[in-house]
Amino acid sequence: MNLQNGAVTFRDAHGKLLLREKESEFIQRIEGPDKGAFRVTQTFLLNKNEPIYGLGIFQDGKLNRRNTEKLMEQSNKEDFQNVLQSINGWGLFWDNYSRTLFRDNAEGMTFSSEVGDGIDYYFMYGGSVDGVVSQMRHLSGQVPMLPLWTYGYMQSKERYKSSREVRNVVETYRKLQVPLDCIIQDWQYWGSNYTWNAMEFIADTYLDAKQMIEHVHKNNAHLMLSIWPGFGPHTKPYQVLKEKGLLFDFQTWPQSGLSAWPPRMDYPSGVRVYDAFSQEARDIYWQHLKPLYELGVDGWWMDSTEPDHFDAKDEEYDHKAGNGTYRSLRNAYPLATVSGVYDHQRKTSSDKRVFIMTRSAFAGQQRYGSNVWSGDVGSGWNQLRAQLPAGLSFTMTGNPNFNTDIGGFFCGAYNTRSGAAASNPQYQELHVRWMQYALFCPLFRSHGADAPREIYQFGKKGDAAYDAIEKTIRLRYRLIPYLYSTAWKVTNAQESYLRPLIADFPRDKRVWEMSDEFMFGRSILAAPIVEAQYTDEAINRKQAPTDVDFSAACQVQKYLPKGTAWYDFWTNQRYEGGQRATLETAFDRVPMFVRAGSILPLGPEMQYVGEKQWDNLEMRIYPGADGSFTLYEDEGDNYNYENGICSTILFRWNDSRRTLIIGQRQGSFPGMLTIRTFTIVLPDHTQHTVHYQGEAMEVQL
């Protein structure tokens, strides 16, 4: 510390300079409800050309946050966690909940927040991406296990309009034998905008909601339901919250009481957002949500958790919120509202894991069983390319659960005639490539407006787009043993699903700003195709192309990080790292590689999670280095794992001896397989079948 000005310098144990404070500023607020607090600013000095990462979800397509200026206020498509980290292994959490200007330029890296009692930040040295993530989770909360079924395929659209339509979609997937685990009901099951978010099935087309949910469950699927932070004036929650002064007074979605676009402001909806910073308000919210939980709803789609704040006026931020003002707490709104649902459901029962999908997040939200999606992004190749760094940046704040609307939410430009995007080859190519990226996200969900997105909208079996979508969904189910074991590592060892290449290959400078490839767990290098190969990226708004041949072979170059060898997942061809490989590609195949030394479990093909037991897993061994993998299993949808009710089996590959060591099973849970088969497969297609009863064994290959 500089004793003259109080500036702090951070160094590692060897004295290497990591980060320096440059200057700080306090401007006292002299009027308004935040009177006595300060506008607070801190500037830091970074090393020259030092990349920094994180801060949240950005839509600018960049990974490195150097030379960036952004007013960080939660919004539909961008969310901010105030957490960043450096290639040099340090991280910083700027602990302030108000709107914050982030700026990095030649003068330094600056955080400047509208309201603060003082400058409050945490410096973390983890030595690596994983180390910083681990420290951030130690500081702000660990990640609970999500239900096993949430790793299957989810179907949604804006919006299903009746219980009959919901049932028909599930039935059609089952008839087509395309895997499905969740159907999602978007807004308006509550009726009009004046009864917005009533948290009741009161629309005429949903009066048989109980039977609808039972039907979904009988077809071995789950229902996730849209809920919002705003309430229409004719709802029961609105009346209770208004009486207690627990509603904010600003324009939010929907602005009009009429279902018209643009909004008819001569018929204002009167919808108001509740004060989620109030414990009493969160209690009231759950009291009205609980009947839906008791009806059998399996997951909550918490939309607009920023929340939407249209035509914001400065005085609207003066509103009392919790123990402060809305201005002082603005960016933490999603954390507060999501926590209310999670905490109350956990208190209600431990038999069913909380599952929340939400549109916004703040630092620490990972502890509340929430999965954040990137908002209502448009359909287009630039938008697809932007989702990759958005998800990686979000992950590096400590929040591992990220997903996007497969195909983009607004696909209107691809509709050469009403609702026809799914038959437009330009959109078909984009949708398939987007789905192949989403294959590697923790949540695998198709959703959007302007046109329906169910697989059968893209044709029938034998059609290129249909077959490519089905193949991707089926691969997702085969990967679930790997994915669920990774989920355990996320919970138990502070790891991440989406791993920027700097997490595993920080010494390879060619990956420092690379975002179109990433690690999916520890073993798989995901290299999705994010440029059009068969159609023009520029949208033909008048006429869809008719001469597209999706069977044609194409090529793409992908970089393989140095420091290891890589195997093509599809062909088993081996490549040395540190080079760009030219690959023959296909429309129905996403480029992906497996790291040498990996042990990759593949499950059976299933129509839904749990349809088949994992009694004969295919264990693929990729020689070239020693390696290990821990297969994790539990009951799938309760919190017994927190008390050790689960099992693990450690697999270790000794490359020089070409020996697979299967360790003794640790732990147990009701319904656990005690006798099982593992089919060991090598890249040359050699197979060995072993029978395992829980005791350690060696397999010579």
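So how much accessible area does residue 204 have, in Å² to the nearest 10, using a 1.4 Å probe?
Here the accessible area works out near 130 Å².
Check each of the trypsin sites (Lys or Arg not before Pro) in region 307-394 and keep only those in coil by DSSP with at most 11 other C-beta atoms within 10 angstrom; list them in order.
Answer in residue order: 313.
What accessible area, in Å² to the nearest ten, does a 1.4 Å probe give for residue 585?
My reading of the accessible area for residue 585 is about 10 Å².
For the full complex of protein chains and a 1.4 angstrom probe, list 499, 167, 574 by accessible area with the highest value first.
574, 167, 499
Decide, for region 442-488, between rounded, prolate and oblate: order the square roots of the alpha carbon gyration tensor eigenvalues as a ≥ b ≥ c, take rounded if a/c falls under 1.5, and otherwise choose prolate if a/b is larger than b/c, else oblate.
Oblate.
Considering only C-alpha atoms, what is the centroid distance from region 643-667 to region 344-396, in Å?
When both Cα centres are located, 32 Å separates them.
Convert 25 °C to kelvin, take the viscosity as 0.890 mPa s, use the Kirkwood radius over C-alpha pairs of region 427-562 as Rh, and evaluate the Stokes-Einstein diffusion coefficient in µm²/s, rounded to a whole number.
D, rounded to a whole number, is 144 µm²/s.
Might you report the magnitude of the Cβ-based charge dipole of region 76-142 about its Cα centre, with Lys and Arg at +1 and Asp and Glu at -1, to the nearest 20 debye?
Here region 76-142 has a charge dipole of around 160 debye.
Looking at the chain, what % of its DSSP beta bridges pair antiparallel, to the nearest 5?
Counting DSSP beta bridges with both partners in the chain, the antiparallel share is about 75 percent.
Can you give the relative contact order of the chain as a percent, counting alpha carbon pairs under 8 Å and 6+ residues apart?
About 12 percent, as a whole number.
Contact order normalised by length for region 451-531, with contacts defined as Cα pairs under 8 Å and 6 or more residues apart; what percent is it?
16
Ordering 206, 125 from largest to smallest accessible area (1.4 angstrom probe), what's the sequence?
Accessible-area ranking of 206, 125, largest first: 125, 206.
Please give the charge dipole size of region 348-411, origin at the Cα centre, charges +1 on K and R Cβ atoms and -1 on D and E Cβ atoms. Round to the nearest 20 debye.
Rounded to the nearest 20 debye, it is 140 debye.
What percent of all Cα-Cα pairs in region 414-477 falls in each 10 Å bin, counting up from 0?
Final binned percentages: 22, 57, 20, 1.
DSSP beta bridges in region 214-342, what fraction antiparallel, as a percent rounded to 5?
Restricted to region 214-342, the bridges split so that about 60 percent are antiparallel.
Assign unit charges at the C-beta atoms only (+1 for Lys and Arg, -1 for Asp and Glu), then state the dipole size of region 478-524 relative to its Cα centre in Debye, rounded to the nearest 20.
160
Would you work out the relative contact order for region 609-660, in percent, from Cα pairs under 8 angstrom that are 6 or more residues apart?
Averaging sequence separation for qualifying contacts and normalising by length gives 37 percent for region 609-660.
Where Rh is the Kirkwood radius over the Cα pairs of region 609-672, the temperature 4 °C and the viscosity 1.567 mPa s, what D in µm²/s does Stokes-Einstein return?
96
Put +1 on the Cβ of every Lys and Arg and -1 on every Asp and Glu Cβ in the chain; which of 366, 91, 673 then has its Cα farthest towards the positive end of the dipole?
So the residue furthest toward the plus end is 673.
How big is the accessible area of residue 300 in square angstrom, nearest 10, if you roll a 1.4 angstrom probe over the protein chains?
Per-residue accessible area (residue 300): approximately 0 Å².
Starting from the residue with the highest accessible area, list 356, 27, 539 in decreasing order, probe 1.4 Å.
27, 539, 356
What distance in nm separates the two pseudo spin-label positions at residue 493 and residue 580, each 7 Å out from Cα along the beta-carbon direction?
Spacing of the two 7 Å Cα→Cβ label points: 3.4 nm.
Could you let me know the centre-to-centre spacing of region 408-467 and region 16-67, using Cα atoms, in angstrom?
If you average the Cα positions of each part, the centres end up 40 Å apart.
Please report the carbon-and-sulfur percent of the accessible area for region 423-567; probe 1.4 Å, protein heavy atoms only, DNA, RNA and ligands left out.
44
The values are calculated or read from the model by the stated rules, or taken from the named source; none is laboratory data. None of the values given here were measured: they were computed from a predicted structure. Cβ: placed from backbone, ideal geometry, glycine included. Neighbour counts: every protein chain shown. Accessible surface is based on the protein model in full, side chains and every heavy atom, while ligands, DNA and RNA are left aside. Shrake-Rupley method; radii C 1.70, N 1.55, O 1.52, S 1.80 Å.
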